[in-house]
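Report on one structure; see the data block that follows.
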Amino acid sequence: MTLDKSTWTLVDLVRRQAAAHGDREFMSFEHGTSLTFSGFDTDSDDLARKLVGLGVGPGDRVMALIKNRIEFMLTMWATMKTGAIFVPINTELKGAFLEHQLRNSEPKVVFVDSVLADAFDGVGGGEGAIGTVVFVAGGEPGKLPAVFAEARRLTYEEFAELPGDDGDVLVTPEPQDIAAIMYTSGTTGPSKGVLMPHAHCHLFGQGTLEAAALTEQDRYYVCMPLFHANALLMQVLGSLMAGTWIYCVERFSPNRWLDDVRASKATVTNALGVMPEFIYRHPANPLDADNDLRSIMAIPISDEWAADFETRFDLKIMQGFGMTECNIPNYTRPDDPLAAGCAGRVLDRFFEMRIADPETDEPLPMGEVGEILIRPKEPSCFMAGYFRMPEKTVEAWRNFWFHSGDAGRLDEEGRLFYIDRIKDCIRRRGENISSFEVEQVLNNHPEISESAVVGIKVEGAGGEEEVKALIVPVVGAAIDNVALLDYCVERMPRFAVPRFIELVDDVSKTATGKIQKQALRDAGITAGTWDRESVGYTIARR
């Protein structure tokens, strides 16, 4: 039977729920602001007209470097109602990391949290000039980044007071139209902008709605950043579809997590990366089960503490598998084992999955570990490619399957067990880090001839990795490790700054000039490895 996806757009969704729920509150933020279902629709309509007045139209890009604030939500939906494409950016990016995304997307309008404006210091734009920059949560910064010098500059309040275009300018997108470009870290090159059709985004929310059995009586605690697909597409869209109320905070804190859960009377939440283990490692209290949570989607978990986690907090853990590019093809069910890496069965209404030899793409027998390959059964429920990177799109889609770069196996019940990453992407603190981009920053240091960056596993990191940089100094140079870290802090996100540094004479390469990183990972921490924690080096949050 053909699936009717004619209303599977985020614009249709907010209008439909505004009509269904009216002035009932949908989303509350820790800053004291809130959105009702109807207000979300009407306010984003109004802002969309103002964007059109600034010259934004179908196909244009609108970039947002905004923390978890009401302005993020309104800007996204206003952008989509003009037919333009929303480009959410990781709020920790700066320097070379941010420049690539700015040049690749070439936004017509940039919304930036005022306290984050200095992230654009030294950043150059692309060929398309930025027409307008809107400063959110504060006035124009005292020191204006050069990339904004020629742009029209407005505070968010000034933007909201613009007259806008009162003509018939609002757009109702089609399910196959692109809603957003979401950047995912590269492994052997720059970050790739994933083209996200409306139906693809819709399915993220639909999957969470069904897997978590969300209802109007639920309350979702969102403590992950809205620029990530997990918070924005799974948690927020799933809640919007169900009529579930959301409490959204700026960032996760293990120290206040349970207090927030209790205060918001949350029944559902998500935790990614090291978050579940940080919650578990927080000192236990006999009253930990005194909360309203019934479910947490936690990835990854450990067999050492998962069952105790459920008992301690009186809830059920869900797991899954997915990527920005391929949606969430797998969720666990109540009858699936509570086991590390168990992502459940594939949603076979929407996806096909196989485990294949990563070198030949030949399928492997049940139980053998290989690369996880996925493809969609429904049009527009998968990424539409990488923006302005056709060669990367073809590479990822070879032999008519999307290659995840992740290793896994299928058991006799058809459940996926996630094993590890095949690519060189480093996973740290819930963030994917491009080793290539870290290396580019390091290689620009005047005393560094060459570098190689890998992720190595250390005890107590919850199965995630720490960043290790192997440095080949310029002949005669004397590298000061602390000074090198200071250099990195100024030029890259906090989560990407190496923890470990090792000075080496050279790094081994293949005949084609590629660094042999597996050997570097296998070596791990050696006698020559310097750990920044040995001197108490810390990096302040922005």
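The values are calculated or read from the model by the stated rules, or taken from the named source; none is laboratory data. All of these numbers come straight from a predicted model, not from anything done at the bench. Note: ideal-geometry Cβ built from the backbone for every residue, glycine included; neighbour counts use all protein chains shown.
Filtered by the rule that a residue be under 21 Å from TYR247 (Cα atoms), under 25 Å from the mean Cα position of the chain (by Cα) and surrounded by fewer than 20 Cβ atoms within 10 Å (Cβ to Cβ), the stretch 296-316 gives a lone residue, LYS316.
Scanning the stretch 346-394 for residues that are surrounded by fewer than 12 Cβ atoms within 10 Å (Cβ to Cβ) and closer than 30 Å to LEU102 by Cβ yields PRO390, GLU391, VAL394. Any residue at all in the stretch 365-377 that's at pLDDT 95 or above, in contact with a Gly (Cβ under 8 Å, 6 or more places away or on another chain) and farther than 24 Å from VAL454 by Cβ? No, every residue in the stretch 365-377 fails to be at pLDDT 95 or above, in contact with a Gly (Cβ under 8 Å, 6 or more places away or on another chain) and farther than 24 Å from VAL454 by Cβ. Checked against (1) within 18 Å of PRO498 (Cα to Cα); (2) assigned to a loop (DSSP other than H, G, I, E, B), GLU413 meets all criteria but (1).
So is MET196 under 19 Å from ASP113 (Cα atoms) and within 19 Å of the chain's Cα centre (by Cα) or not? Spelling it out, it is not the case that MET196 is under 19 Å from ASP113 (Cα atoms) and within 19 Å of the chain's Cα centre (by Cα). Figure legend. Inter-residue proximity from the stretch 236-258: first residues without any contact (Cβ under 8 Å) to a residue 24 or more places away in the chain, second residues of a type outside the set (Gly, Ala, Ser) and surrounded by fewer than 24 Cβ atoms within 10 Å (Cβ to Cβ), beta-carbon distance below 7 Å, spacing 6+ or different chains. No pairs are indicated. Cβ-Cβ contacts under 7 Å between residues 6 or more apart (or on different chains), taken from a first residue in the stretch 2-29 that is within 14 Å of THR244 (Cα to Cα) and part of a strand (DSSP E or B) to a second residue that is modelled with pLDDT of 95 or more and among the small types (Gly, Ala, Ser), are listed as GLU25/SER34; MET27/SER34; SER28/SER34.
For the stretch 324-355, a tally of residues being in contact with a Phe, Trp or Tyr (Cβ under 6 Å, 6 or more places away or on another chain), among the small types (Gly, Ala, Ser) and on the phi < 0 side of the Ramachandran plot returns 1. Filtering the stretch 194-229 to residues that are within 18 Å of GLU174 (Cα to Cα) and small (Gly, Ala, Ser) leaves ALA199, GLY205.
Pairs, please: C-beta under 8 Å, at least 6 apart or cross-chain, first residue within 26 Å of VAL369 (Cβ to Cβ) and in the stretch 379-406, second of a type in the set (Gly, Ala, Ser)? That search, which allows pairs on different chains as well, returns LYS392/GLY189; TRP401/ALA356; PHE402/ALA396; HIS403/ALA396. Could you go through the stretch 258-277 and let me know if any residue there is of a type in the set (S, T, N, Q) and either loosely packed, with under 14 Cβ neighbours inside 10 Å or in the same structural domain as SER380 (by TED's automatic domain parsing) (or both). No: the stretch 258-277 contains no residue that is of a type in the set (S, T, N, Q) and either loosely packed, with under 14 Cβ neighbours inside 10 Å or in the same structural domain as SER380 (by TED's automatic domain parsing) (or both). No other residue among ILE501, ILE456 is among the β-branched types (Val, Ile, Thr), farther than 22 Å from TYR183 by Cβ, modelled with pLDDT of 95 or more and not assigned by TED's automatic domain parsing to the domain that holds LYS67 apart from ILE501.
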